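Peer 1: Once you've had a glance at the structure underneath, I'll fire off some questions.
The values are calculated or read from the model by the stated rules, or taken from the named source; none is laboratory data. Remember, it's a predicted structure, so these values are computed and weren't measured experimentally. In this analysis, Cβ positions are derived from the backbone assuming ideal geometry, glycine residues included, and neighbour counts consider all displayed protein chains.
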Amino acid sequence: MEKTEKYAPERMHTGPAGEQADGVMPFGDLAPGSAGNPLADFATIGGETFLRGARFASGVPAYPKRPLCPETGQPEQVEELFGPRGTLYSYSIVHVSNTRDVPYAIGYVDFLSSLRVLANIRIPAGRALACDGPVVLQSDGERWWVEPEGQA
């Protein structure tokens, strides 16, 4: 009996962003180095932090920006700023890591624009995290993160 593979590794995309092997998906547009440094792709306007992303002609939002729509594969897009406020969908406190000091928090944040991003979370003293709780984007000029919104 011959073995059948669900996907053929030799047909997967291996070239730089924009090239496709035999027209096969997935897109290689988020390969390391192709999207720049997404932690630095933000804007500060009037003291508030916004993520600098894009919205495709299909209506799909993307952060970081990418050359092709992840749903349709079409390139038509306009730049869009996302934030500064969102809702914490889910989070985790990481206690074991060989790449970062622990503990640290990460979580998925939903913005009103239908965008969901994975974010670093900083928790100021006296504040707590809660799913479905409000968060606000913050930045230091080099990186962005979210914090729970509200009084300490």
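Peer 1: Within the group G46, G73, which residue is over 17 Å from the mean Cα position of the chain (by Cα) and at pLDDT 95 or above? Even if it seems obvious, please write down each step before you answer.
Peer 2: Details: G73 fails: at pLDDT 95 or above.
After ruling out the rest, the residue left standing is G46.
Peer 1: Does any residue in region 115-127 that is more than 16 Å from G86 (Cβ to Cβ) come within less than 6 Å, Cβ to Cβ, of a residue that is hydrophobic (A, V, I, L, M, F, W, C) and part of a loop (DSSP other than H, G, I, E, B) six or more places away or on a different chain, and which pairs are these?
Peer 2: P124/A152; G126/A152
Peer 1: Which one of L51, L68 is in contact with an Asp or Glu (Cβ under 6 Å, 6 or more places away or on another chain), at pLDDT 50 or above, of a type in the set (A, V, I, L, M) and buried (at least 16 other Cβ atoms within 10 Å of the Cβ)?
Peer 2: Exactly one of L51, L68 is in contact with an Asp or Glu (Cβ under 6 Å, 6 or more places away or on another chain), at pLDDT 50 or above, of a type in the set (A, V, I, L, M) and buried (at least 16 other Cβ atoms within 10 Å of the Cβ), namely L68.
Peer 1: State which residue pairs qualify: first residue in a strand (DSSP E or B) and inside region 133-145, second residue acidic (D, E) and surrounded by 13 or more Cβ atoms within 10 Å (Cβ to Cβ) in any location, beta carbons under 7 Å apart, and separation of 6 or more residues or different chains.
Peer 2: Cβ pairs passing all conditions: P134/E149; V135/E147; V135/E149; V136/E147; V136/E149; Q138/E147.
Peer 1: Residue check: is Y108 surrounded by 16 or more Cβ atoms within 10 Å (Cβ to Cβ), part of a strand (DSSP E or B), among the hydroxyl-bearing types (S, T, Y) and without any contact (Cβ under 8 Å) to a residue 24 or more places away in the chain?
Peer 2: Values: surrounded by 16 or more Cβ atoms within 10 Å (Cβ to Cβ): yes; part of a strand (DSSP E or B): yes; among the hydroxyl-bearing types (S, T, Y): yes; without any contact (Cβ under 8 Å) to a residue 24 or more places away in the chain: yes.
For Y108, the condition - surrounded by 16 or more Cβ atoms within 10 Å (Cβ to Cβ), part of a strand (DSSP E or B), among the hydroxyl-bearing types (S, T, Y) and without any contact (Cβ under 8 Å) to a residue 24 or more places away in the chain - is met.
Peer 1: From L81, L88, grab the single residue that is on the phi < 0 side of the Ramachandran plot and touching a residue at least 60 places away in the same chain (Cβ under 8 Å).
Peer 2: Residue meeting the stated conditions: L88.
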